[in-house]
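The values are calculated or read from the model by the stated rules, or taken from the named source; none is laboratory data. Note that the coordinates shown come from a computational prediction; the quantities given were computed from them, not determined experimentally. Glycine gets a Cβ as well: all are built from the backbone with ideal geometry, and neighbour counts include every protein chain shown.
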Amino acid sequence: MNNPLLEMDGLPAFSRIKPDHVEPALDHLLSHNREQIEALLKGAQRFTWNNLVEPMERLDDRLSRAWSPVSHMNSVVNNEALRSAYNTCLPKLSEYGTEMGQNAELFAAFKAVAEQQKDLNPVQHKVLDDALLDFHLSGVDLSADKKTRFKEISQSLSTLTTKFEENLLDVRARSRGAEILGFVDGYASNTCHGHLTRPSMEHEIDVMGDALKSAGMTPDDVDYIHAHGTGTEANDVIETDAIKAVFGERAADVPMTSGKWGILWVLRVSLG
């Protein structure tokens, strides 16, 4: 499977990770982990650090190395496609975590290592103590009906936490968008009236684009502003066909009406 989220060498390939990679990678890893854990539990008569705990740590690490970049990107370069992929996968990850935490056979195997293996060092003891505590906190001691309820609550908590984080991101984006629109609106009103030639327009857009890039603006910021808007009147909209003619077809001289949305459109091309 050619998927940058499944590459375990070096640092995450952030520039190559796309929303379409997220769900296939997670599905693959969760399926692989379940198969490997089942094999570990069936493959040993006596469980030890080397044949149980260490392989489990490697499985967890591989899953973390795939999901952590996705979680990070969802926080810092959030867009609709990535948000959708993230939200699709989150219940699967939550279900897997609860499933492993409530696995009585796996809990018994970890407990056997902690109680029976005498050559463990202090760090290994600490890892096992924490793992056993996690089992208890995940509901391994609960009855079947209470385990089901615990899983439902965990899923709901995961969904609500993500929704809260999304709301914070959206508030920040709207605040940032309003600030950018104010800047662009003033720029449009002061400098972009009448007829603009391609060279003069390109120069003005380059200057403004550089300023906004320095402030950390991305194409996603422009997309967000376009998608959500701020109630701009129709007469404040630039002729986008004319803008496209200037920058798409490279026309030499195109008459345009001033407006912040047209400037934003050109910025989107410039930044993208």
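Checking each residue in the stretch 75-109 for being in contact with a Leu (Cβ under 6 Å, 6 or more places away or on another chain), farther than 15 Å from LEU29 by Cα and crowded, with 18+ Cβ neighbours inside 10 Å picks out ASN78, ALA109.
Inside the stretch 79-125, can you point out the residues that are out of contact with any Ser or Thr (no Cβ under 8 Å at 6 or more places or on another chain) and of a type in the set (S, T, N, Q)? If the condition is that a residue be out of contact with any Ser or Thr (no Cβ under 8 Å at 6 or more places or on another chain) and of a type in the set (S, T, N, Q), then ASN79, SER84, THR88, ASN103, GLN116, ASN121, GLN124 are the ones that fit.
Listed here are the residues, each with its yes/no results for (1) among the acidic types (Asp, Glu); (2) part of a helix (DSSP H, G or I); (3) not assigned by TED's automatic domain parsing to the domain that holds ARG34.
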site: ASN87; (1), (2), (3): no, yes, no
site: SER94; (1), (2), (3): no, yes, no
site: LEU120; (1), (2), (3): no, no, no
site: ARG149; (1), (2), (3): no, yes, yes
site: SER154; (1), (2), (3): no, yes, yes
site: PHE164; (1), (2), (3): no, yes, yes
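Considering the conditions (1) in a loop (DSSP other than H, G, I, E, B); (2) in contact (Cβ under 8 Å) with a residue 40 or more places away in the chain, ASP20 is excluded by exactly one of them, (1). Being out of contact with any His (no Cβ under 8 Å at 6 or more places or on another chain), modelled with pLDDT of 90 or more and among the aliphatic types (A, V, I, L, M) is a property that VAL184 lacks. The set of residues from the stretch 142-170 being in contact (Cβ under 8 Å) with a residue 60 or more places away in the chain and among the hydrophobic types (A, V, I, L, M, F, W, C) comprises just one member, LEU169.
Can you find a residue that is touching a residue at least 60 places away in the same chain (Cβ under 8 Å) and not in a helix (DSSP H, G or I) anywhere in the stretch 47-54? Yes, the stretch 47-54 has at least one match. When ASN87, ASN51 are screened for being in contact with a Gly (Cβ under 9 Å, 6 or more places away or on another chain) and of a type outside the set (Phe, Trp, Tyr), only ASN51 passes. Would you say LEU29 is outside any helix (DSSP H, G or I), of a type in the set (A, V, I, L, M, F, W, C) and free of Cβ contacts under 8 Å to residues at least 40 places away in the same chain? So LEU29 fails the test. Among the residues making up the stretch 68-85, those that are under 8 Å from the mean Cα position of the chain (by Cα), among the polar types (S, T, N, Q) and in a helix (DSSP H, G or I) are SER71, ASN74, SER75.
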